Amino acid sequence: MTGRNATETAPSLPEVLSGLVATLPATHLAAWISVLRTVPAPDRRTESLLIAAHPGVGLGPRAGLLLSAWRSTDPQPPGSALALALEAAGNRYEQDLATHHVEIAVSGPVSDAVSVRLTSSVAIQVIRAASTTLLVTSYAAFGIQEIVSEIRAAADRGVSVDLVLETARASGGRLHGDGDGRTAFHELRFHPDVHLWQWANDERHGPGGRRGSMHAKVIAADRNTALLGSANLTDNAYSDNLEIGAVICDPSAVASLVDHFINLMHSADGPLVRLPWQPVS
């Protein structure tokens, strides 16, 4: 009698192999692969050979689960096929771990107990990583000449840059005063690879009747890496304010984020429209 509910289906061999790759330490996995290469079929000795190959706590149930799934598979593959499948799945798992991670970035006070990176240095790193596209969004933007210079360098090497900025109230936005992010990026106004966007004035009414703000803060390099956080593109946010952000290195997640903005920009009735450059007063 096992602990599995009678209505549940026993895990398939692919499911068991995937679980082993995710839970077995790399040394145990390598030892099991070596054993399976020498075993033609799941006989009586296989389970004890697996456990003895690299002793550890809790290996018996895992070995038993593998043998059970192997025996119930039709047609039954040889041990060498299982070894190859485990090795391939293990390699892919390690690759996924290397490319799917999150790193924290901060502005303002830092903690001696935790090692974190500063928002400014992370933002520059993400911008420099762009090889084809760069998406930059912010509510406010001023006093960030180093970031502007990095964006210019990216555009100069052929990166297509989309800047999505909030505008001043006079232009239909929510920023107080007459100035907005166009002033910070004004030196890029003639660059053919830098494109300026705004949330259209007539698209800002939410279900509650209130006007929305373009409040997102994103720097996304290609479709691979993105910095998301609370910091606007301002000198205060990057140095003085207490801000927090996260660098996402997950191509599938970043691609979804970028595609969201592309859809908002380029769909027939999309709320993001091209923003004209205005002379600096």
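Can you tell me which residues in the stretch 153-170 are assigned to a helix (DSSP H, G or I) and crowded, with 17+ Cβ neighbours inside 10 Å?
The initial filter retains those residues of the stretch 153-170 that are assigned to a helix (DSSP H, G or I), namely 153-156, 169-170.
Listed by number, the residues that qualify are A154, A155.
Quick one: how many residues across the stretch 125-142 are of a type outside the set (F, W, Y) and touching a strand residue (DSSP E or B) at 6+ places or on another chain (Cβ under 6 Å)?
Counting residues in the stretch 125-142 that are of a type outside the set (F, W, Y) and touching a strand residue (DSSP E or B) at 6+ places or on another chain (Cβ under 6 Å) gives 11.
Would you be able to say whether some residue in the stretch 11-31 is of a type in the set (A, V, I, L, M), in contact with a Pro (Cβ under 9 Å, 6 or more places away or on another chain), in contact (Cβ under 8 Å) with a residue 12 or more places away in the chain and under 30 Å from P251 (Cβ atoms)?
First, pick out the residues of the stretch 11-31 that are of a type in the set (A, V, I, L, M): 13, 16-17, 20-22, 24, 26, 29-31.
Remaining after also requiring in contact with a Pro (Cβ under 9 Å, 6 or more places away or on another chain): 13.
So of that shortlist, the ones also in contact (Cβ under 8 Å) with a residue 12 or more places away in the chain come out as 13.
Then drop every residue that is not under 30 Å from P251 (Cβ atoms), which leaves 13.
Yes: the stretch 11-31 contains one or more residues that are of a type in the set (A, V, I, L, M), in contact with a Pro (Cβ under 9 Å, 6 or more places away or on another chain), in contact (Cβ under 8 Å) with a residue 12 or more places away in the chain and under 30 Å from P251 (Cβ atoms).
Go through (1) in contact with an Asp or Glu (Cβ under 9 Å, 6 or more places away or on another chain); (2) assigned to a helix (DSSP H, G or I); (3) of a type in the set (S, T, Y); (4) within 21 Å of M214 (Cα to Cα) for T183 and report which single condition fails.
(1)
Only one of L188, L257, L264 is touching a Leu at 6+ places or on another chain (Cβ under 9 Å) and closer than 30 Å to Q95 by Cβ; which?
Details: L188 fails: closer than 30 Å to Q95 by Cβ; L264 fails: closer than 30 Å to Q95 by Cβ.
Within the list L188, L257, L264, the selection yields L257.
Considering each of G108, G90, G79, G143 in turn, give the residue that is in contact with a helix residue (DSSP H, G or I) (Cβ under 6 Å, 6 or more places away or on another chain) and either loosely packed, with under 13 Cβ neighbours inside 10 Å or at positive phi (or both).
Numbers: G108 fails: in contact with a helix residue (DSSP H, G or I) (Cβ under 6 Å, 6 or more places away or on another chain); G90 fails: either loosely packed, with under 13 Cβ neighbours inside 10 Å or at positive phi (or both); G79 fails: either loosely packed, with under 13 Cβ neighbours inside 10 Å or at positive phi (or both).
Exactly one residue qualifies, and that residue is G143.
When the residues of the stretch 159-180 are narrowed to those that are touching an Asp or Glu at 6+ places or on another chain (Cβ under 7 Å) and modelled with pLDDT of 85 or more, which ends up farthest from A226 (Cα to Cα)?
A168
Tell me, yes or no, whether the stretch 120-136 has at least one residue that is crowded, with 16+ Cβ neighbours inside 10 Å, more than 17 Å from the chain's Cα centre (by Cα) and in contact (Cβ under 8 Å) with a residue 60 or more places away in the chain.
yes
Of everything in the stretch 93-105 that's in a strand (DSSP E or B) and either among the hydrophobic types (A, V, I, L, M, F, W, C) or modelled with pLDDT of 90 or more (or both), which residue is surrounded by the fewest Cβ atoms within 10 Å (Cβ to Cβ)? Let's see the steps before the verdict.
Pass one, the stretch 93-105, residues in a strand (DSSP E or B): 101-105.
With either among the hydrophobic types (A, V, I, L, M, F, W, C) or modelled with pLDDT of 90 or more (or both) added as a condition, the list becomes 102, 104-105.
Values: V102: 11, I104: 14, A105: 23.
Only one residue tops the list, namely V102.
Looking at D235, D250 in this structure, which one is under 18 Å from Q125 (Cβ atoms), surrounded by fewer than 19 Cβ atoms within 10 Å (Cβ to Cβ) and in contact (Cβ under 8 Å) with a residue 40 or more places away in the chain?
On the way: D235 fails: under 18 Å from Q125 (Cβ atoms).
Going through D235, D250 in turn, the sole match is D250.
Report the residue count in the stretch 25-44 for those that are assigned to a loop (DSSP other than H, G, I, E, B) and either touching a helix residue (DSSP H, G or I) at 6+ places or on another chain (Cβ under 7 Å) or surrounded by 11 or more Cβ atoms within 10 Å (Cβ to Cβ) (or both).
Start the filter on the stretch 25-44 by keeping residues that are assigned to a loop (DSSP other than H, G, I, E, B), which leaves 25, 37-44.
Still in the list and also either touching a helix residue (DSSP H, G or I) at 6+ places or on another chain (Cβ under 7 Å) or surrounded by 11 or more Cβ atoms within 10 Å (Cβ to Cβ) (or both): 37-43.
Residues flagged as assigned to a loop (DSSP other than H, G, I, E, B) and either touching a helix residue (DSSP H, G or I) at 6+ places or on another chain (Cβ under 7 Å) or surrounded by 11 or more Cβ atoms within 10 Å (Cβ to Cβ) (or both) within the stretch 25-44 amount to 7.
Select, from A231, A237, the only residue that is under 13 Å from G108 (Cα atoms), in contact with a Gly (Cβ under 8 Å, 6 or more places away or on another chain) and not charged (D, E, K, R).
On the way: A237 fails: in contact with a Gly (Cβ under 8 Å, 6 or more places away or on another chain).
Answer to the selection: A231.
The values are calculated or read from the model by the stated rules, or taken from the named source; none is laboratory data. Computed from a prediction, not measured in an experiment: that's the story for all the values here. Positions of Cβ are backbone-derived with ideal geometry, glycine not excepted, and every protein chain shown enters the neighbour counts.
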